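Reviewing the structure listed below.
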Amino acid sequence: MTDARLVRALIAAAAAENAAAYGYSVAGARLTSSDKGVARTAYDAHRAQTLVITQWLAEFSATPDPDAPVYQLPSPVTDASSARAVLASIEESTAAAYADVVAAADAPLRRDAALALQLAAVRAAMWRDRAAPFPGLAGRLGL
C-alpha cells in the first residue's frame, strides 16, 4: 500500500459520498411516499460516512475536498422511476469508490471499506430491484 494511493482513493470516496447525499436530496423529491423514508435513511448514512472518511483521512494528515455546490447526476430525475434509477447509479458509483479504497488499504481499513462497499451495493440492489454482479466493479468490467 502506498499512502498517496490510499489518500487519493479516500478523497474520491468522500466525493462519492457527498455526491450521493446531493443525489438523494434531488431524487428524493420525486420518489413515492413509501420510498422517501428509505431515501432519508440512506441520505443520513451517506452524510455519516463522509464524517468517517474524514477521520480516516486525518490519520494521513489529509482532508477531503470541500463539497461542491452541485453534482452532475447520471441522468435527469423526472419521476419516481427515474429517481430510483439515479439512486441505483449513485450507489454503484459509491461502491466503485470503495472498491478503490479496498484495493489500496491494509486491514482494518480494508475491512471497513469493504463493509461500506457492501452497504452501497445493497442500496443499489434495492433501488434497482436486483443485485449487480461484482458490486463496485460491474461498470469497469463492462457488465
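The values are calculated or read from the model by the stated rules, or taken from the named source; none is laboratory data. Everything numeric here is computed off the predicted structure, so don't read it as measured data. Glycine also receives a Cβ, built like all others from the backbone with ideal geometry; neighbour counts cover every protein chain displayed.
The listed residues are 99, 113, 85, and the only one of them that is part of a helix (DSSP H, G or I) and more than 13 Å from the chain's Cα centre (by Cα) turns out to be 85.
Okay, residues lined up against (1) surrounded by fewer than 16 Cβ atoms within 10 Å (Cβ to Cβ); (2) without any contact (Cβ under 8 Å) to a residue 12 or more places away in the chain; (3) touching a helix residue (DSSP H, G or I) at 6+ places or on another chain (Cβ under 9 Å); (4) aromatic (Phe, Trp, Tyr):
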| site | (1), (2), (3), (4) |
| --- | --- |
| 89 | no, no, yes, no |
| 104 | no, no, yes, no |
| 113 | no, no, yes, no |
| 117 | no, no, yes, no |
| 123 | no, no, yes, no |
| 130 | yes, yes, no, no |
| 134 | yes, yes, yes, yes |
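Within the range 50-59, the set of residues being touching a residue at least 24 places away in the same chain (Cβ under 8 Å) and among the polar types (S, T, N, Q) comprises 50, 54.
Just so you know, in the range 9-49 the residues that are free of Cβ contacts under 8 Å to residues at least 60 places away in the same chain and more than 28 Å from residue 79 (Cβ to Cβ) include one that is surrounded by the fewest Cβ atoms within 10 Å (Cβ to Cβ), and it is 48. Consider only pairs whose beta carbons are under 8 Å apart and that are at least six residues apart or on different chains; among these, list those whose first residue lies in the range 60-82 and is farther than 30 Å from residue 106 by Cβ and polar (S, T, N, Q) and whose second residue is part of a loop (DSSP other than H, G, I, E, B) and modelled with pLDDT of 95 or more. Note: pairs meeting the criteria are 82/75; 82/76. The one condition from (1) assigned to a helix (DSSP H, G or I); (2) under 26 Å from residue 6 (Cα atoms); (3) of a type in the set (Phe, Trp, Tyr) that residue 24 does not meet is (2).
Inside the range 50-59, can you point out the residues that are crowded, with 17+ Cβ neighbours inside 10 Å and over 13 Å from the mean Cα position of the chain (by Cα)?
Pass one, the range 50-59, residues crowded, with 17+ Cβ neighbours inside 10 Å: 50, 53, 56-57.
Within the range 50-59, 56, 57 qualify.
Residue 131 satisfies every condition listed in (1) farther than 27 Å from residue 7 by Cα; (2) part of a helix (DSSP H, G or I) except (2).
Checked against the criterion of being assigned to a helix (DSSP H, G or I), at pLDDT 95 or above and surrounded by fewer than 18 Cβ atoms within 10 Å (Cβ to Cβ), the range 60-72 contains not a single residue that satisfies it.
Might you check whether a residue that is within 15 Å of residue 90 (Cα to Cα) and in contact with a Lys or Arg (Cβ under 9 Å, 6 or more places away or on another chain) occurs anywhere in the range 58-73? No, because not a single residue in the range 58-73 is within 15 Å of residue 90 (Cα to Cα) and in contact with a Lys or Arg (Cβ under 9 Å, 6 or more places away or on another chain).
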